[in-house]
Amino acid sequence: MSLENKVAMVTGGGSGIGRASAMTMAAKGAKLLVTDLNLESAEAVAAEIVAAGGTAEAAVCDIGEEDSIRDAIETAERRFGKLDVLHNNAAMLSDEALIGDQDILTVPVHVWDRIMEVTVRGTMLGCRHAVLAMRRAGGGSIINTSSINGIRAANRMPAYSVSKCAVNMLTEVVASMHGREGIRCNAVAPSMMRTATLERLVPKEIIDYNADAALLDRLGQPEDVAKVVAFLASDDAAYITGHVLPVDGGTMAHLPTYDAERRYLLANAR
Ligand SMILES: NC(=O)c1ccc[n+]([C@@H]2O[C@H](COP(=O)([O-])OP(=O)(O)OC[C@H]3O[C@@H](n4cnc5c(N)ncnc54)[C@H](O)[C@@H]3O)[C@@H](O)[C@H]2O)c1
């Protein structure tokens with residue numbers, strides 16, 4: 001799987017899954033525009049890529065602002081001549097959003113609105129400007145970052161879950177409307193991945209429950225998602241479009257009784 005001669009841009013590329021996908025795609029030969037709300041973090045990732053022998057530049061991109069998204073995509077075209085791949089990865093993940101979004105009974109309306117505004121509208125605007133650029137390039141691949149929370153409900157993060165469900169439909173809509181122009185659109189739907197934001201905000205017990213709910217014997221890492229993003233970006237995925245692909249260690253493949261039963265059977269094994 002090679003990304004030689006491809007130009008890719010990542011939003012939210014300064015940390016976590018976006019950082020891992022930028023590093024992975026660059027290692028496979030893509031020229032990267034690493035973007036983030038926080039320019040310093042994007043610059044640090046671009047510098048890491050260059051230090052490893054790859055090609056990368058950094059730019060600011062706030063997916064809450066259409067002008068910022070348009071500017072970043074035009075920067076990718078100006079610096080590298082075209083845009084082939086957008087990993088449309090950023091979402092509203094501020095502390096206020098993550099802490100306030102607990103239950104529909106209590107989530108402040110401004111927090112709900114901001115999550116929809118940034119995650120749903122921002123992901124749509126990323127698709128809009130990527131499609132316009134990819135028309136100019138003669139085709140391309142958009143990979144949205146969804147979540148398993150956009151496919152199955154959890155007992156927390158209602159606005160986040162609804163916003164990621166919208167990202168899933170957006171993925172199908174973009175794939176449906178632009179496939180004949182050679183533009184593919186897919187989404188990755190990660191389960192809980194071990195990132196710095198996660199370690200900072202999510203209690204260890206909840207992280208452990210999520211690891212326990214996976215069929216594989218560990219929590220996911222950002223690199224697990226990044227490798228799937230790189231595959232979907234590549235020509236090896238040339239006939240894949242309109243899909244939301246869980247990267248979840250099997251978390252969604254089983255019944256709700258799975259992890260409790262597994263623990264019981266292990267404890268009572270003869
Ligand atoms: N980590 C997980 O467990 C997990 C699971 C499922 C889905 N996701 C999704 O993966 C994506 C990346 O999350 P992560 O876990 O890597 O988070 P992260 O906090 O490690 O990184 C998010 C990055 O996005 C940037 N960002 C925040 N607001 C932005 C904005 N308005 N415009 C542009 N950039 C912005 C941040 O500065 C940060 O660098 C998100 O869409 C998230 O919903 C994460």
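Annotations for the structure displayed:
- Sites matching trypsin sites (Lys or Arg not before Pro) across segment 199-260 that sit in DSSP coil, with at most 10 neighbouring C-beta atoms within 10 Å: Arg218
- Amide H contacts of Met92 (H built 1.01 Å from N, in plane; Pro and chain starts excluded): Thr119 sit under 5 Å, all sequence-distant by 5 or more or on other chains.
- Accessible area expressed per residue, segment 1-110, with surrounding protein chains retained (probe 1.4 Å, Å²): 44
- With the whole protein complex present, Ser2 retains an accessible surface near 70 Å², based on a 1.4 Å probe.
- Computed over the chain, the per-residue total of -39500 (n - 2.57) for DSSP H runs of n ≥ 4 gives a 222 nm mean residue ellipticity of -14500 deg cm²/dmol, rounded to 500.
- Phi-based couplings in Hz for segment 174-188 (Karplus 6.51, -1.76, 1.60; Gly and Pro marked x): 5, 4, 5, 7, 10, x, 5, 9, x, 10, 9, 9, 10, 10, 9
- Cα-based reach from Lys164 at 17 Å (exclusive), listing aspartates and glutamates while leaving out same-chain residues under 8 positions away: Asp101, Asp103, Asp113, Glu117, Glu172, Asp248
- Gain upon complete extension [Leu215, Met116; 0.36 nm per residue less C-alpha separation]: 32.5 nm
- Residues Val247, Val50, ordered by accessible area of protein heavy atoms at a 1.4 angstrom probe radius and largest first, appear as Val50, Val247.
- Directionally averaged shadow of segment 105-163, computed from the convex hull of its alpha-carbon atoms, nm²: 4.5
- Taking a straight Cα-Cα cut-off under 17 Å and skipping sequence neighbours fewer than 8 places away in the same chain, the lysines within cross-link reach of Lys82 are Lys6, Lys31.
- Solvent exposure, largest accessible area first (probe 1.4 Å, DNA, RNA and ligands not counted), of Tyr264, Tyr160, Tyr258: Tyr264, Tyr258, Tyr160
- Positive dipole terminus of the chain, leading residue within Thr24, Ala90, Ala269 (C-beta point charges): Ala269
- Rounded to whole numbers, the Karplus 3J(HN,Hα) couplings from phi for segment 148-153 are 5, 5, x, 10, 10, 6 Hz, using 6.51 cos²θ - 1.76 cosθ + 1.60 with θ = phi - 60°, and x at Gly and Pro.
- In degrees, nearest ten, helix 222-233 long axis to first principal axis of the chain (Cα): 50
- Taking one quarter of the surface of the C-alpha convex hull of the chain gives a mean projected area of 15.0 nm².
- Residues whose amide H lies under 5 Å from that of Gly140, counting only those 5 or more places away or on a different chain, are Ile183, Arg184; hydrogens are built 1.01 Å from N in the peptide plane.
- About the Cα centre, charge dipole magnitude for segment 7-267 (Lys/Arg +1, Asp/Glu -1 at Cβ), debye: 660
- Note on segment 112-212: semi-axes of the ellipsoid equivalent to its C-alpha gyration tensor, largest first and rounded to whole Å, are 30, 14, 12.
- Residues whose placed amide H lies under 5 Å from that of Arg194, excluding near-sequence neighbours: Gly220, Gln221
- Rolling a 1.4 Å probe across all protein chains gives His254 an accessible area of roughly 50 Å².
- Computed from backbone phi, the HN-Hα couplings of segment 33-49 come to 9, 8, 10, 6, 4, 9, 4, 4, 5, 5, 5, 5, 5, 4, 5, 4, 5 Hz, rounded to whole numbers (Karplus: 6.51 cos²θ - 1.76 cosθ + 1.60, θ = phi - 60°; Gly and Pro given as x).
- Computed with a 1.4 Å probe over protein heavy atoms only, the accessible area of Leu215 comes to about 80 Å².
- Across the protein chains, with a 1.4 Å probe defining accessible surface, the residues Ile151, Ile49, Ile104, Ile17 rank Ile104, Ile151, Ile17, Ile49 from largest area downward.
- Legend: calculated FRET efficiency, Met252 to Arg200, from the Cβ-Cβ distance at R0 = 22 Å, rounded to 0.05, equals 0.30.
- Percent accessible area from carbon and sulfur atoms, the chain, protein chains only, probe 1.4 Å: 55
- Residue of Ser21, Ser191, Ser94 that the Gaussian network model of the chain assigns the largest fluctuation, springs spanning Cα pairs under 10 Å: Ser94
The values are calculated or read from the model by the stated rules, or taken from the named source; none is laboratory data. Model, not experiment: these values are computed from the prediction. Please note: Cβ atoms are built from the backbone with ideal geometry, for glycine as well, and neighbour counts cover all protein chains shown. Accessible surface areas use protein heavy atoms only, side chains included; no ligands, DNA or RNA. Shrake-Rupley method; radii C 1.70, N 1.55, O 1.52, S 1.80 Å.
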